[in-house]
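Take a look at the structure set out below.
The values are calculated or read from the model by the stated rules, or taken from the named source; none is laboratory data. This structure is a prediction, so every number in the text was calculated from the model and none was measured. Methodologically, a virtual Cβ is constructed for each residue, glycine included, from the backbone with ideal geometry; neighbour enumeration extends over all protein chains shown. Side chains included, ligands, DNA and RNA excluded: accessible areas come from the protein's heavy atoms. Shrake-Rupley method; radii C 1.70, N 1.55, O 1.52, S 1.80 Å.
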Amino acid sequence: MASNDHRTPWDQTHFIILAGALGSGKTTLLEAFINAPGMRATTAVIINEAGAINIDGAILSDSAKGLAMATLSNGCVCCSLTNDLVFTVEELIASRANADLPALTTLVLECSGLSKPGPIIRSLTGLAELRMRVSVVSTLDCSREVGAGGDAEAELAQLAAAQTIVLTKVDGVSDDAREQYADSIRYFNPFATVINETEPACRLAWTRFNERNERPLPPISRITSQAVQHPRINVFHARLANPEWEDVQDWLENVAGVLGERLLRIKALVNDPHDGCVLLQSVGSTFSAARRLQQTSTQATSVVFIVRDSDVSVLANIETLMTVSWGSLDERSLGDCQ
Ligand SMILES: Nc1nc2c(ncn2[C@@H]2O[C@H](COP(=O)(O)OP(=O)(O)OP(=O)(O)O)[C@@H](O)[C@H]2O)c(=O)[nH]1
């Protein structure tokens, strides 16, 4: 007989691993979701950034005040931070219990673009007793070829693991191209539900499609952390003292010019002494318009670069009048350069 003994307050919670290549639109999708009516009270997010600075967290907390949010920065949740994920979820559960709040309906882990879902699912065995429903949703940027980025291996692993694939940046392609894209995705993951919608509101379905495809948590086994698995990819972190954001933008454009295709992603949070901070970002060497965030930050200006086949000296040698101090993923000091 099925017993209720195994029920927990969290067994109705949907744990969504939100994966997708670097810059493919995960944060944008999540931002729309948590801003939909009634979502914030019942949803929590955990943000994993490969860099030491949690810029996605800053974007989300700027747009959704009061959202329960935890961060896993300076590493990849599929390699170096697997144990931290379990600990973070346990902390979240404890804090809700202490505040006498009910279990969440949705818990979203936004992975770094470099993460592979398999090891994350494996690490969730440490939470199997909660009996949450776990599924993988992956974003796919329609404006570029599948696997064309620097870490094709991770991107293909994300798409293959997904129960739901959300096509993003569909505004930049024709309807025919979009349909062809959706067909080609079905070819290499025929099991996934593909969300192919131009209307942002319709894309919110990404959290619901997984119910019939839910993936049970595997039985508890030993959790081991693994070494970082991206030998050709480096994450560098630059700190700058009080620059004007326009100067940072000029410098970043120079960096993009020098690195070319070796540049995978830039995210910069520039402190503006007059008014909050300014977000500058690129996917590859394509920059988005600067975006002002209203939060006030006391942190110094920070820039995270994700690059392929390049060491920090390539970036540090690019001319600038600003004083830049460099660190790598593990925050080894790499000295100051000017
Ligand atoms: N035109 C267009 N731009 C988009 C869309 N979705 C996201 N973007 C832009 O693409 C850039 C990257 O989007 P993000 O949502 O930060 O992507 P991400 O996957 O969270 O990025 P990482 O966390 O670095 O992997 C930003 O400049 C967004 O404004 C879209 O549907 N259309």
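List the lysines whose Cα lies under 26 Å from the Cα of K116, skipping any in the same chain that are fewer than 8 positions away.
K26, K169, K267
I'd like to compare 250-262, 151-163: which one has the highest average count of other Cβ atoms within 10 Å, and what's the full order after that?
Numbers: 250-262: 16.2, 151-163: 21.4.
Ranking, from highest mean packing down: 151-163, 250-262.
Using a 1.4 angstrom probe on the protein heavy atoms only, line up R203, R40, R131 by accessible area, largest first.
Values: R203 40, R40 90, R131 125 Å².
Ranking R203, R40, R131 by accessible area, largest first, yields R131, R40, R203.
Would you mind calculating the gained length between F287 and A148 on full extension (0.36 nm times residue separation, minus the Cα-Cα distance), in nm to one decimal? Numbers along the way, then the final one.
Working: separation 139, 0.36 × 139 = 50.04 nm, distance 1.76 nm.
The span from F287 to A148 would gain 48.3 nm if fully extended.
What part of the accessible area of segment 40-183, given as a whole %, is carbon or sulfur when the probe is 1.4 angstrom?
Details: 2480 of 5070 Å².
Ligands and nucleic acids excluded, carbon and sulfur reach 49 percent.
Could you give me the radius of gyration and the Dmax of segment 148-194, taking only the C-alpha atoms into account and expressing both in angstrom?
In order Rg, Dmax, the Cα atoms of segment 148-194 give 11.0, 28 Å.
Using heavy-atom solvent-accessible surface (probe 1.4 Å) with all chains present, what is the largest-first order of E129, E90, E319?
Working: E129 140, E90 90, E319 165 Å².
Largest accessible area first, the list is E319, E129, E90.
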